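Input: a single structure, listed below in structure tokens.
The values are calculated or read from the model by the stated rules, or taken from the named source; none is laboratory data. What you are looking at is a predicted structure, and each value in this text was computed from that prediction instead of being measured. Here Cβ is always computed from backbone atoms with ideal geometry, including for glycine, and neighbour counts include all displayed protein chains.
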Amino acid sequence: MTERTYRLFFGSTLLIALYFDFNAVVLGLVALSLFQGITGWRLARLVTHLLHRGGVLPAETAAALASPIIGRTALTFDAERASSLLVAAVITLGSVVFTDSLWFMPWFVGFALFGAGLSGVCPMVLGFKWAGLK
Amino acid sequence: MTDSGPDTTVRRDQRQTALPTKITGIVFWGMVLVGVFVSFVQLRGQEHEIAFRYNAYADRLAYSVQQSLAHTPEPSAAKLEALALQLKRETGVAGIDIRVGNRHIIVGNTGAGLEALPRMVRYATGRRDSQPATAFVAIYNPSVAHALAAARKHVLVAMGAIILTFGAILQWVLNLILSYPFERMVEAARDFSTGETARRFDEARDDEFGFLAKFINKALDFSVAQQQALREALERAQRSESELFAEKERAEVALHSIGDAVITTDARAAVEFMNPAAEALAGWSAADAIGRPLAEVLRLVDESTRQLLENPAEKCLRSGEIIDRMDQVILLCPDGRELDIAPSAAPIHDRNQRLVGAIVVFHDVGATRRMTRQLSYLASHDTLTGLYNRREFEKQLQIALDEMHLDNHSHALCYLDMDQFKVVNDRCGHAAGDELLKRFSRMLLGTARESDVIARLGGDEFCMLLKRCDADHALGVAQDLLGKTRNFHFVWQDHSFDVGVSIGVVAISSANMTIPEIMTAADTACYAAKQAGRNRIHKYRTDDNALRQRHGEIDWVSRLGRAMEENRLKLYCQSAIPSSSNTGLGRYYEILLRLVDESGALVPPVTFIPAAERYNFMPQIDRWVVSALLELLRKNDGGCGETFAINISGQSLNDDEFLGFVVSQLGASGVHRGTVCFEIDESAAVADLDRTAHIIATLHDRGCAIAVDHFGSAMRSFSYLKHLKVDYLKISGDLVRNMTSDALYHSMVEATNQIGHAAGIRTIAESAENQNTIAALRHIGVDYAQGYAISDLCPLEDILKLGPQETALRPAAM
């Protein structure tokens, strides 16, 4: 599973959950993002690993899976991780904390991730990379 | 990289996003932001609107109920229900709850999750005294928040759908205007990269792709042209490399195969290359020698002085010119060997004519030098005696003459001719003759000073150059030599010989004398000594008669050669007539030679024969006579019944090739057997009986007759007649000429005739020059008589053409 696919999946799931008011799903997605952002373990890579069970992993995937979680410096902080954390924060803010004033933020994140999944371009990640993250 | 070359394929990374998609994605993000903002703006007053609408619905319900109750204070439940339904339909609320009195109407959904919006309705009951009644109506709708949320969803989903649609359209358009032409360009690039160099990008487009395609096409054209040029250059380079490799191989094989040693050096004369021949000669392996200075590898010294010589490579590098073969060079090898070599060197230039090294070539010339020295020795020395030969002697004489220019000293030359040497040779053979020459040479060496030059000129002739010696001293030396020679006895097997020497002495007092003049003078003086009786000394004088005679003889040799070339030699004959007409003997003609000189006068042989004998020209004359006679006989078909006799000299008899010449000439001529006779002088015949017998036997086989000429002129034993199967004896003219005046000569002629007849040999009397002699010869019974009293000389051609002359014998005289 590529990051692009993951984003597509995440965005579409979030939009569906928001539309049908599946708050649990929304919270689950938040938890997923938080998990990814904190641990650096990405669902996309884990799925890839499971699908390639016993096979040869792409070097980047294998290196990422083998990389330590703790001890990374800011310059080695993954942009994807930062993106995951930001996604979790924004969704939390919009759907839990400031539901009236920031109700649109989860929708925005959902559309953004859906669009990023379709296009393969995630300006948020690009922005983080431009800021110096890995 | 593939087997056919570098991998030019480019695979698209599946993780990479297409440009239109990226553009769309970026636009989508922007549009999402815009969409959310628009939605936010649009939804900002939605809450109030919903609340207002709900209140409005509630008020309307209340009003409607009030109006309905105003007309019908006691409405029925059905009526109320119908009213509720109508309002529900008109307003779209989820549920309506109406309580009037004890009637309670609920229409729609009033369950959980819905928010009620009640209204109290006062209405008059219609009774005059009743108070207005109150009804309670309520509408049920989802909460404002819920409705607001639903409205937001609808707006956002709609916005999302619009954005997605727009994005899809945008993507499609971008694909059309970006991806498709780009893919076309990719295809063109892929085709080009796989070898279709004729493929070009589409320049027909009027957008940036077309513009880019033009430049790319130009770049491709240039690239293709460059590639072609590079390919051609590569082919040329590969061809050159192959040719160079082949040349290098040929050169290396040649260098390894040739016998000459080849060493190449760099510009500093350090060894770069040695071929196997160089390794073997120099005594260095290439691995050890490479990098070392050549002077260390090749240590060269001069053969004579043993001084170290400059290396030819260094000389060549210094001068930049070819160093020709150096002679007299010895190579000192590390293992102690010394080799004679002849090195040469040539410079090596690079393409810019810069001197980059030198090549040295040499080989072992030891054998050649030894052979050269040996040849030089052989060329300057007589192999038998070890003395100088004529050539070297003349060279030394020239040096002496040149020295006379400087120091004005005089020299003397003694010309020595051994007497009786031929007797020793003839009697005891060549081995004895050679031994005699060696001993005589040793005696000469013992007599000479160290500065004197002694040479053997040839045969039994020697020459001594007495340097810094006047005529008197030279005479003294000659006397000393003469004395020693007189005391010299040569013993060989059972024979003992007293050998003499005739010496001619010439004083060399002027540097202006030439070598031919000196040698001629010495030879003349020696000849004079011989003529004076041999075994004596004669000093050269310019007014010497012998000189004149000698000069004349030398002149005749060249005149004879010219006469032969110009066909001025003529054959004459004198016939010998049978003494009796009824003897049945055929005619006998002696062939005599005459020379027509330059003025046309006839020259008798006595004038030129001595010169021819002296200078060994007789074999040529005899050959000419044989050829000319046989040619005349062949042309004139003559000779049947007649005998033509040719005089053969002793020199021709001793010529190993003369017999073969005669045999071949006889075979080619086809003359009749018995036509040709060869007259051999008695002295020459007995000089080598075996040789003479072989010659006689060979000529007899060819049908030729043999006559012994001047028979009886010397007092010899005639026993040799048993060995020599001759056909005629020509009684010496000395005997015949005096037979009528001297009884002794008469007896000798008679005895000779009898001896001949006893041996079965016909006799011919020479020099019958008067009638009395002819009569005496007839009386004795000689078979033939020859002389001017019988017949004169006449040209042979006339005899052959006209037939025998009747004047050959005057019948009255015989």
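So if I check each of A:VAL90, A:VAL109, A:VAL125, which one is crowded, with 23+ Cβ neighbours inside 10 Å, within 14 Å of chain B (Cβ to nearest Cβ) and either closer than 16 Å to B:PHE37 by Cα or not small (Gly, Ala, Ser) (or both)?
The match here is A:VAL109.
Is it fair to say B:ALA693 is assigned to a helix (DSSP H, G or I) and either hydroxyl-bearing (Ser, Thr, Tyr) or within 23 Å of B:GLN574 (Cα to Cα) (or both)?
No: the conditions fail for B:ALA693.
With respect to B:LEU164, is the statement that it is part of a helix (DSSP H, G or I) and closer than 30 Å to B:ALA18 by Cα true?
So B:LEU164 passes the test.
If I ask for residues that are within 13 Å of chain A (Cβ to nearest Cβ) and surrounded by 15 or more Cβ atoms within 10 Å (Cβ to Cβ), which ones from the range B:123-144 would you list?
Result: B:PRO142, B:VAL144.
Are there any pairs with C-beta distances below 6 angstrom linking a residue in the range B:61-75 that is in contact (Cβ under 8 Å) with a residue 60 or more places away in the chain to a residue that is surrounded by fewer than 17 Cβ atoms within 10 Å (Cβ to Cβ) and in a loop (DSSP other than H, G, I, E, B), with the two at least 6 apart or on different chains, and if so which?
So the pair list comes out as B:PRO73/B:THR125; B:PRO73/B:GLY126.
With respect to B:LEU255, is the statement that it is touching a strand residue (DSSP E or B) at 6+ places or on another chain (Cβ under 9 Å) and in a helix (DSSP H, G or I) true?
yes
Is it true that B:LEU309 is surrounded by 19 or more Cβ atoms within 10 Å (Cβ to Cβ) and at negative phi?
Here the answer is yes, as B:LEU309 does meet what is asked.
May I ask you to verify whether B:ASP340 is more than 26 Å from B:ALA251 (Cβ to Cβ), among the charged types (D, E, K, R) and touching a strand residue (DSSP E or B) at 6+ places or on another chain (Cβ under 8 Å)?
Yes: the conditions hold for B:ASP340.
For the range A:1-55, which helices (runs of 4 or more DSSP H) that fit wholly inside it have 3 or more residues that are without any contact (Cβ under 8 Å) to a residue 24 or more places away in the chain and more than 14 Å from chain B (Cβ to nearest Cβ)?
Because the criterion is at least 3 residues that are without any contact (Cβ under 8 Å) to a residue 24 or more places away in the chain and more than 14 Å from chain B (Cβ to nearest Cβ), the helices (runs of 4 or more DSSP H) in the range A:1-55 that meet it are A:23-39, A:43-51.
Restricting to the range B:31-49, what's the tally of residues that are under 19 Å from B:ALA145 (Cα atoms), within 14 Å of another protein chain (Cβ to nearest Cβ) and in a helix (DSSP H, G or I)?
Residues that pass the stated criteria total 9.
So B:PRO20 clears everything in (1) within 11 Å of another protein chain (Cβ to nearest Cβ); (2) at pLDDT 80 or above except one condition, right? Which one?
Single failed check for B:PRO20: (2).
What residue, among those in the range B:152-188 that are surrounded by fewer than 17 Cβ atoms within 10 Å (Cβ to Cβ) and among the small types (Gly, Ala, Ser), is nearest to A:ALA116 (Cα to Cα)?
In this case the residue turns out to be B:ALA168.
Going by the structure shown, is B:GLY600 outside any helix (DSSP H, G or I), modelled with pLDDT under 90 and touching a Leu at 6+ places or on another chain (Cβ under 8 Å)?
no
Can you tell me how many residues within the range B:70-87 are of a type outside the set (Gly, Ala, Ser) and in contact with a helix residue (DSSP H, G or I) (Cβ under 9 Å, 6 or more places away or on another chain)?
7
Could you tell me which residue of the range B:153-186 is nearest to the other protein chains (Cβ to nearest Cβ), considering only residues that are without any contact (Cβ under 8 Å) to a residue 24 or more places away in the chain and of a type in the set (Phe, Trp, Tyr)?
Checking each candidate, the answer is B:TRP172.
Take the residues of the range B:195-211 that are under 13 Å from B:PRO181 (Cα atoms) and not charged (D, E, K, R): which is surrounded by the fewest Cβ atoms within 10 Å (Cβ to Cβ)?
Checking each candidate, the answer is B:ALA204.
Within the set of pairs 6+ apart or on separate chains, which have a first residue in the range B:414-428 that is more than 17 Å from B:ALA455 (Cβ to Cβ), a second that is in a strand (DSSP E or B) and of a type in the set (D, E, K, R), and C-beta atoms under 9 Å apart?
Sorted first by the residue in the range B:414-428, then by its partner, the pairs are B:GLN420/B:ASP498.
Tally time: how many residues in the range B:606-631 are assigned to a helix (DSSP H, G or I) and farther than 18 Å from B:GLU797 by Cβ?
15
Within the range B:593-613, which residues are over 15 Å from B:ALA563 (Cβ atoms) and either free of Cβ contacts under 8 Å to residues at least 24 places away in the same chain or of a type outside the set (Asp, Glu) (or both)?
Hits for the range B:593-613 are B:VAL606, B:PRO610.
May I ask you to verify whether B:THR740 is hydroxyl-bearing (Ser, Thr, Tyr) and under 18 Å from B:LEU585 (Cβ atoms)?
Taking the combined requirement at face value, the residue does not satisfy it.
Working carefully through the options B:ALA219, B:ALA149, find the one that is without any contact (Cβ under 8 Å) to a residue 12 or more places away in the chain, within 13 Å of another protein chain (Cβ to nearest Cβ) and in a helix (DSSP H, G or I).
B:ALA149
Can you find a residue that is under 21 Å from B:GLN396 (Cβ atoms), touching a residue at least 60 places away in the same chain (Cβ under 8 Å), charged (D, E, K, R) and buried (at least 19 other Cβ atoms within 10 Å of the Cβ) anywhere in the range B:449-456?
Checked the range B:449-456: at least one residue is under 21 Å from B:GLN396 (Cβ atoms), touching a residue at least 60 places away in the same chain (Cβ under 8 Å), charged (D, E, K, R) and buried (at least 19 other Cβ atoms within 10 Å of the Cβ).
Just to be sure before I move on: is B:ASP637 in contact with a strand residue (DSSP E or B) (Cβ under 9 Å, 6 or more places away or on another chain) and of a type in the set (D, E, K, R) in the structure I sent?
Here the answer is no, as B:ASP637 does not meet what is asked.
Go through the range A:93-106 residue by residue and tally those that are in a helix (DSSP H, G or I) and either at pLDDT below 85 or within 12 Å of another protein chain (Cβ to nearest Cβ) (or both).
Final tally of qualifying residues: 5.
Yes or no: the range B:97-113 includes at least one residue that is within 14 Å of chain A (Cβ to nearest Cβ), surrounded by fewer than 13 Cβ atoms within 10 Å (Cβ to Cβ) and touching a residue at least 12 places away in the same chain (Cβ under 8 Å).
yes
Condition first: without any contact (Cβ under 8 Å) to a residue 60 or more places away in the chain and not hydrophobic (A, V, I, L, M, F, W, C). Now tell me which residues in the range B:486-509 satisfy that.
B:ARG486, B:ASN487, B:HIS489, B:ASP494, B:SER496
Which number in (1) outside any helix (DSSP H, G or I); (2) under 23 Å from B:PRO20 (Cα atoms) marks the one condition that A:MET124 misses?
(1)
Conditions first: (1) touching a Leu at 6+ places or on another chain (Cβ under 6 Å); (2) buried (at least 16 other Cβ atoms within 10 Å of the Cβ). B:LEU666 passes all but one, so which condition is the exception?
Of (1) touching a Leu at 6+ places or on another chain (Cβ under 6 Å); (2) buried (at least 16 other Cβ atoms within 10 Å of the Cβ), only one is false for B:LEU666: (1).
Is it true that B:LYS438 is surrounded by fewer than 21 Cβ atoms within 10 Å (Cβ to Cβ) and either of a type in the set (Gly, Ala, Ser) or modelled with pLDDT of 90 or more (or both)?
The answer is yes for B:LYS438.
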